[in-house]
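S.K.: I am attaching a structure below and will ask some questions about it afterwards.
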Amino acid sequence: MSQEEVLSALEQLARHWQKRAMRLVEVSDGWRFQTNRQVMGYLSRLSEEKPPKYSRAALETLAIIAYRQPATRGDIEDIRGVKVNPDFIRVFQERGWIEVIGRRETAGRPEIFGTTRKFLDDLGLKSLEDLPELTQNQPHEEFDLFVPQEKAGN
């Protein structure tokens, strides 16, 4: 079977599963089945384990890395206007969402951070281009890191 035939079959399966409790979606590492948003509330009640909650400051730090990468702590501090809590960086590194991708050739050679494929996969994204677009006047809405965002037309 050729690559085009496999992709065509996967796309056909994705359309078949689109209106069901499980969906076949393409992510950065390939394809996976994931729960549809409409049934997430029911399934979350079955598990006593609650997903970790991140503060607004932690999510801002992650967003700066995701949207502006490569980014150093200094870049993040310049954008946010406050010192970066090192625990934020550590937590996101432990989760596998960010990694050190190099060092900037300036005084002190600060670490440069970027997101990982796991970050994309956990958020249900194929690439960084699938991140929601930022605008200056965008309302502050909740963004659930553990429920992949539905795209228009899905």
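S.K.: Could you please give the count of residues in the stretch 12-30 that are open to solvent by less than 90 Å² (accessible area, probe 1.4 Å) and on the phi < 0 side of the Ramachandran plot?
M.R.: 12
S.K.: From the set of residues in the stretch 56-77 that are among the basic types (Lys, Arg) and closer than 16 Å to residue 87 by Cβ, which is farthest from the chain's Cα centre (by Cα)?
M.R.: 73
S.K.: Do we find a residue being surrounded by fewer than 12 Cβ atoms within 10 Å (Cβ to Cβ), of a type in the set (Gly, Ala, Ser) and within 30 Å of residue 81 (Cα to Cα) anywhere in the stretch 46-55?
M.R.: Looking for residues that are surrounded by fewer than 12 Cβ atoms within 10 Å (Cβ to Cβ), of a type in the set (Gly, Ala, Ser) and within 30 Å of residue 81 (Cα to Cα), one finds at least one in the stretch 46-55, hence yes.
S.K.: Let me ask something else about it. In the stretch 31-42, which residues are open to solvent by 50 Å² or more (accessible area, probe 1.4 Å), free of Cβ contacts under 8 Å to residues at least 40 places away in the same chain and under 14 Å from residue 122 (Cα atoms)?
M.R.: Across the stretch 31-42, the qualifying residues are 31, 33.
S.K.: Spot the failing condition for residue 121; the list is (1) assigned to a loop (DSSP other than H, G, I, E, B); (2) modelled with pLDDT under 90, and only one is missed.
M.R.: (1)
S.K.: Out of the residues in the stretch 101-121 that are in contact with a strand residue (DSSP E or B) (Cβ under 9 Å, 6 or more places away or on another chain) and acidic (Asp, Glu), which is most open to solvent (accessible area, probe 1.4 Å)?
M.R.: Result: 111.
S.K.: I'd like the full set of residues that are more than 20 Å from residue 57 (Cα to Cα) and part of a loop (DSSP other than H, G, I, E, B), limited to the stretch 80-108.
M.R.: The answer is 104, 105, 106, 107, 108.
S.K.: Residues to consider are 76, 64, 89, 98; find the one that is surrounded by 15 or more Cβ atoms within 10 Å (Cβ to Cβ) and either closer than 30 Å to residue 7 by Cα or modelled with pLDDT under 90 (or both).
M.R.: 98
S.K.: Taking the stretch 1-31, which residues are assigned to a strand (DSSP E or B) and of a type outside the set (Gly, Ala, Ser)?
M.R.: Passing the criteria: 22, 23, 24, 25, 26, 27, 31.
S.K.: How about the stretch 109-118: which of its residues are in contact (Cβ under 8 Å) with a residue 12 or more places away in the chain and not in a helix (DSSP H, G or I)?
M.R.: 110, 111, 112, 113, 114, 115, 116
The values are calculated or read from the model by the stated rules, or taken from the named source; none is laboratory data. None of these values were measured; they are calculated from a predicted model. Note that each Cβ is placed from the backbone with ideal geometry, even for glycine, and that neighbours are counted across all protein chains shown. Ligands, DNA and RNA are excluded from the accessible area calculation, which covers all protein heavy atoms including side chains. Shrake-Rupley method; radii C 1.70, N 1.55, O 1.52, S 1.80 Å.
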